[in-house]
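Heads up, the thing below is written out as structure tokens.
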Amino acid sequence: MNINCRGENLILSEERAIYWATKKMLIISDLHLGKGAHFRKAGIQIPSLVNTADLDRLTNLLRQFEPECLLVTGDMFHHQMNSEVALFSQWRSQYPDLKIILVKGNHDSLLASDYEEMMIEIHAIEFLMKPFRFIHDQPSVTDAYYNITGHIHPGVTIYGKARQQIKLPCFYFGKTCAILPAFSVFTGLSKIKSQQGDQFYAITPERIFLV
């Protein structure tokens, strides 16, 4: 789905990503690489295929849009270096010309040398590219920049006529801030308290629709 945000055309993908065509930039949030391995280390058996599936989806997005830059608005990694992060490092070596920018989130705790080795440009707080501010969590103070964030894994509940209901991941666009869905499928969903004029774009495997 194509939308206009602050005069810029953004493509919303059903794979939980935004493509900013004029900048040749693919934007995602909350990839949480290494989360499954972190849980398995704690004795909770999470299939390793979860991490592989997320990387496969990312690969397909690179093939579809051919971006020059991948921007991650926080929580690219879930914890410290582990087997799944090492798998991503191997994946990254296939795309040496792809610029990767990470605005660090609360889970991004790798060593500076780890990011450097994987050729990831780090921004500790925010990344500015007019008219947008890319930041992990919604800031309390707003200014001329429109904030594009992640962190809370937004979802929306769709109700049917016979009391059916389904909760879907979504893109949220408010007056001063957009919230991206978590890219990883291994995440929960949080309900957002809406205000007048807010827009929710629900995501299904086949399409995106405005709620």
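Each value in this text was obtained by applying a stated rule to the coordinates, not by laboratory testing. Predicted, not measured: the structure shown is a model, and the values here were computed from it. For neighbour counting, all protein chains shown are included, and Cβ atoms are generated from backbone atoms with ideal geometry for every residue, glycine included.
For region 155-186, give me each residue that is of a type in the set (Val, Ile, Thr) and either touching a Phe, Trp or Tyr at 6+ places or on another chain (Cβ under 7 Å) or surrounded by 20 or more Cβ atoms within 10 Å (Cβ to Cβ) (or both).
Of everything in region 155-186, those that are of a type in the set (Val, Ile, Thr) and either touching a Phe, Trp or Tyr at 6+ places or on another chain (Cβ under 7 Å) or surrounded by 20 or more Cβ atoms within 10 Å (Cβ to Cβ) (or both) turn out to be 156, 176, 179.
Yes or no: region 129-140 includes at least one residue that is hydroxyl-bearing (Ser, Thr, Tyr) and touching a strand residue (DSSP E or B) at 6+ places or on another chain (Cβ under 9 Å). Before you say what the answer is, go through the steps one by one.
If we filter region 129-140 for residues that are hydroxyl-bearing (Ser, Thr, Tyr), which is where we start, we get 140.
Adding the requirement that they be touching a strand residue (DSSP E or B) at 6+ places or on another chain (Cβ under 9 Å) leaves none.
No; the residues of region 129-140 include none that is hydroxyl-bearing (Ser, Thr, Tyr) and touching a strand residue (DSSP E or B) at 6+ places or on another chain (Cβ under 9 Å).
I want to confirm something. Restricting to region 55-70 and keeping residues that are closer than 24 Å to residue 128 by Cα and touching a helix residue (DSSP H, G or I) at 6+ places or on another chain (Cβ under 9 Å), which single residue is surrounded by the most Cβ atoms within 10 Å (Cβ to Cβ)?
Of the residues in region 55-70, the ones closer than 24 Å to residue 128 by Cα are 58, 61-62, 65-70.
In the following step, the residues that additionally are touching a helix residue (DSSP H, G or I) at 6+ places or on another chain (Cβ under 9 Å) were identified as 58, 65, 67-70.
Details: 58: 21, 65: 17, 67: 21, 68: 12, 69: 16, 70: 23.
So, considering only residues that are closer than 24 Å to residue 128 by Cα and touching a helix residue (DSSP H, G or I) at 6+ places or on another chain (Cβ under 9 Å), the one surrounded by the most Cβ atoms within 10 Å (Cβ to Cβ) is 70.
Search region 108-154 for residues being surrounded by fewer than 21 Cβ atoms within 10 Å (Cβ to Cβ) and hydroxyl-bearing (Ser, Thr, Tyr), and hand back the single one that is farthest from the chain's Cα centre (by Cα).
In this case the residue turns out to be 113.
Could you please find all residues in region 136-185 being within 20 Å of residue 54 (Cβ to Cβ) and assigned to a loop (DSSP other than H, G, I, E, B)?
136, 150, 151, 152, 153, 180, 181, 182, 183, 184, 185
Could you say which residue among 183, 173, 200 is under 25 Å from residue 56 (Cα atoms) and either touching a helix residue (DSSP H, G or I) at 6+ places or on another chain (Cβ under 9 Å) or of a type in the set (A, V, I, L, M, F, W, C) (or both)?
Numbers: 173 fails: under 25 Å from residue 56 (Cα atoms); 200 fails: under 25 Å from residue 56 (Cα atoms).
Checking each option against the conditions leaves just 183.
Out of (1) out of contact with any strand residue (DSSP E or B) (no Cβ under 6 Å at 6 or more places or on another chain); (2) surrounded by fewer than 15 Cβ atoms within 10 Å (Cβ to Cβ), the odd one out for residue 105 is which?
Among (1) out of contact with any strand residue (DSSP E or B) (no Cβ under 6 Å at 6 or more places or on another chain); (2) surrounded by fewer than 15 Cβ atoms within 10 Å (Cβ to Cβ), residue 105 violates only (2).
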